[in-house]
Amino acid sequence: MTSPAEGDSFHRMWADLRPIGRAAATGGYRRHAWTGADADCRTWFREQAEARGLAYETDRNGNQWAWLGDPAQGDAVVTGSHLDSVPDGGAFDGPLGVVSAFAALDELRREGARFTRPLAITNFGDEEGARFGLACVGSRLTAGVLSREAAHALTDADGISLPRAMEEAGHDPSAIGPDPERLARIGAYVELHVEQGRALDLTGDPVGIASAIWPHGRWRFDFRGEANHAGTTRLADRRDPMLGYAETVLAARREAEAAGAVATFGKIAVEPNGVNAIPSLIRSWLDSRAPDQAGLDTVVAAIEQAAKECARRDGLDLSVVRESFTPVVEFDHVLRDEIAGILAARLPAPAPVLGTGAGHDAGILSTAVPTAMLFVRNPTGISHSPAEFAAEDDCVAGVRALAAVLEGLACR
Ligand code: HGY
Ligand code: MN
Ligand code: MN
């Protein structure tokens, strides 16, 4: 068991954060960008920063920063993650990294660590893209891989634009866009995250280090047919988009299996969505990921081809739009190996180095600054679900590992 001091601040923060945006019926979280639950998470973050005497700020893109030391000194060590969730998401995806960052700082301060580099703790906004459809909006804007114009064009299911949602939540969107000055202050970004998979459960390690992120993206497939009566329209007379959609879902599974990739249709909107009406329109979203770009391209092209063939056969109009894309990420080898060395001196066995199919802000920031990730064991591997879990001892092992890494990097 861990010493009370180590676990205290982690458990206190975890208990404070736990009820925010949690749906009683499922135990899942609905902390979508620029909603009330997101605002409550942001308030929690600011309170944690100010309670520790850290300099708090929200950047032009709505990301939250808590600074120890003078950012202008540069070469800062930054750690954090995100607090937003997927619809009905788990408690750990994102928050574990933010809570662990504050807890690791608490531990280092208890031990009298002397920081020689500025340290910042972050909450990157809208990592899941649950409301506006694009993943990692806050970090993409800051890293300059999402243009101001493209961000302004993002809308949610109710047609509310991202800037308007920001404004309604009290954040001025007028300056959203690249933030090179801020990036120039960062010497290294290290994100701790619950593992979204079972690799560490299989190796028996509480903590691992990330090597790479698979290329992945989101595509919207719209199948437009002809609304009609479900009871009186002859089968031969139908232009039913549901058939095209259904066959495309089956093709996605087939093509992904053949390519050693993954493909998921997890979101669908049916118009008019009546039990006794043949739909006029099916909007559906594909999430696909593969170990390399060629594999991903092959899978998505094959799925699109299958959709086209169905559309041609059934007289449907098909449109396919890529809404989000993240190229393959290879984390900085020097930082990765430095972290492995720091942990090797602390852990009973070297921390495994593992790839992931999950996207992260660290992946986006890797285009601009040296980044690394630590994973904390997830015994079931389940994520993006209320069942997502990490054992208490593993969470505290994650805090200890992060504290060791921050000390090794920022207290030289
Ligand atoms: O979708 C992802 O991989 C991440 O959880 N945003
Ligand atoms: Mn996630
Ligand atoms: Mn995440």
GNM top mover of E255, E47, E271 - the chain, alpha-carbon springs below 10 Å:
E271
Considering the alpha-carbon set of region 198-317 alone, what are its Rg and its Dmax in angstrom?
18.1, 61
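Compute the accessible area per residue over region 298-346, keeping the other protein chains in place, probe 1.4 Å, unit Å². Show your work: numbers first, answer last.
Numbers: 2590 Å² over 49 residues.
Solvent-accessible surface per residue comes out at 53 Å².
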Take the solvent-accessible surface of the protein heavy atoms, probe 1.4 Å, and return the percent of it on the chain that carbon and sulfur atoms account for.
52 percent
Sort H193, H32 by accessible area with a 1.4 Å probe, largest first.
H32, H193
Could you grab the relative contact order for region 288-412? Cα pairs under 8 Å, six or more apart, rounded to a whole percent.
21 percent
Kirkwood hydrodynamic radius (Cα pairs, Å) of region 258-309?
12.6 Å
Applied in sequence order to region 169-177, the curve 6.51 cos²θ - 1.76 cosθ + 1.60 (Karplus, θ = phi - 60°) yields integer Hz couplings, x standing for Gly and Pro, of 8, x, 10, 6, x, 5, 10, 4, x
Working from Cα positions, state the angle (0 to 90°, nearest 10) between the long axis of helix 4-17 and the longest principal axis of the chain.
30 degrees
Amide H neighbours of E191 under 5 Å, counting only residues 5+ apart in sequence or on other chains, H built in-plane at 1.01 Å?
A372, M373, L374
Spin-label point model (7 Å from Cα, Cβ direction): what's the L183 to E167 distance in nm?
2.8 nm
For region 15-56, take every pair of Cα atoms, bin their distances at 5 Å starting from 0, and report each bin as a whole percent.
6, 24, 25, 21, 14, 7, 3, 1
Residue among R131, R182, R42 with the largest mean-square fluctuation in a Gaussian network model of the chain, springs linking Cα atoms under 10 Å
R182
Write down the radius of gyration of the chain and its Dmax, each obtained from C-alpha positions, in Å.
22.4, 78
For the full complex of protein chains and a 1.4 angstrom probe, list F375, F389, F115 by accessible area with the highest value first.
F389, F115, F375
Alpha carbon centroid spacing (whole Å) that separates region 232-291 from region 124-182
29 Å
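Using Cα-Cα distances under 8 Å and only pairs 6 or more residues apart, what relative contact order does region 340-411 have, in percent? Write out the running numbers ahead of the final one.
Working: 42 pairs, mean separation 21.2, N = 72.
Answer for region 340-411 is 29 percent.
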To the nearest Å², the heavy-atom accessible area per residue of region 100-244 with 1.4 Å probe amounts to 39 Å²
To the nearest 10 degrees, how steep is helix 333-344 against the longest Cα principal axis of the chain, on a 0 to 90 scale?
60 degrees
Starting from the Cα-Cα distance between T233 and A157, subtract it from 0.36 nm times their residue separation and give me the gain in nm to one decimal.
24.3 nm
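As a test of reading the structure, rank S85, S385 by solvent-accessible area (1.4 Å probe, protein chains only), most first.
Details: S85 5, S385 25 Å².
Solvent-accessible surface, decreasing: S385, S85.
Estimate the FRET efficiency between Q305 and A39 by the formula 1/(1 + (r/R0)^6), using the beta-carbon distance for r and 51 Å for R0, to the nearest 0.05.
Details: r = 44 Å, r/R0 = 0.86.
With a Förster radius of 51 Å, E is 0.70.
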Let me see the pair-distance distribution of region 85-158: every alpha carbon pair, 5 Å bin width, integer percents in order.
3, 13, 18, 18, 14, 13, 10, 6, 3, 1, 0
Once label points are set 7 Å from the Cα along Cα→Cβ at both A391 and T26, what is their separation, rounded to one decimal in nm?
2.8 nm
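What does DSSP give for the chain in terms of the percent of beta bridges that are antiparallel, rounded to the nearest 5?
On the way: 46 of 64 bridges.
If I count the DSSP bridges inside the chain, around 70 percent turn out antiparallel.
For D16 and T116, what is the calculated FRET efficiency with R₀ set at 25 Å and r taken between the beta-carbons, to the nearest 0.05?
Working: r = 31 Å, r/R0 = 1.24.
For R0 = 25 Å, the calculated efficiency reads 0.20.
If I stretch the segment between A269 and D297 completely, what's the gain in nm (0.36 nm per residue apart, minus their alpha carbon distance), one decimal?
Extra length from A269 to D297 when fully extended: 7.6 nm.
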What is the spin-label model distance, in nm, from R52 to A72 if the labels are put 7 Å beyond Cα along the C-beta direction?
2.4 nm
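Highest first, please rank the peptides 344-351, 86-93 by the mean number of other Cβ atoms sitting within 10 Å of their residues. Before the final figure, lay out the partial values.
Details: 344-351: 12.8, 86-93: 21.4.
Most protected by this proxy first, the peptides run 86-93, 344-351.
The values are calculated or read from the model by the stated rules, or taken from the named source; none is laboratory data. Just so it is clear, the structure is predicted and the values come from calculations on it, not from any experiment. Note that each Cβ is placed from the backbone with ideal geometry, even for glycine, and that neighbours are counted across all protein chains shown. Accessible surface is based on the protein model in full, side chains and every heavy atom, while ligands, DNA and RNA are left aside. Shrake-Rupley method; radii C 1.70, N 1.55, O 1.52, S 1.80 Å.
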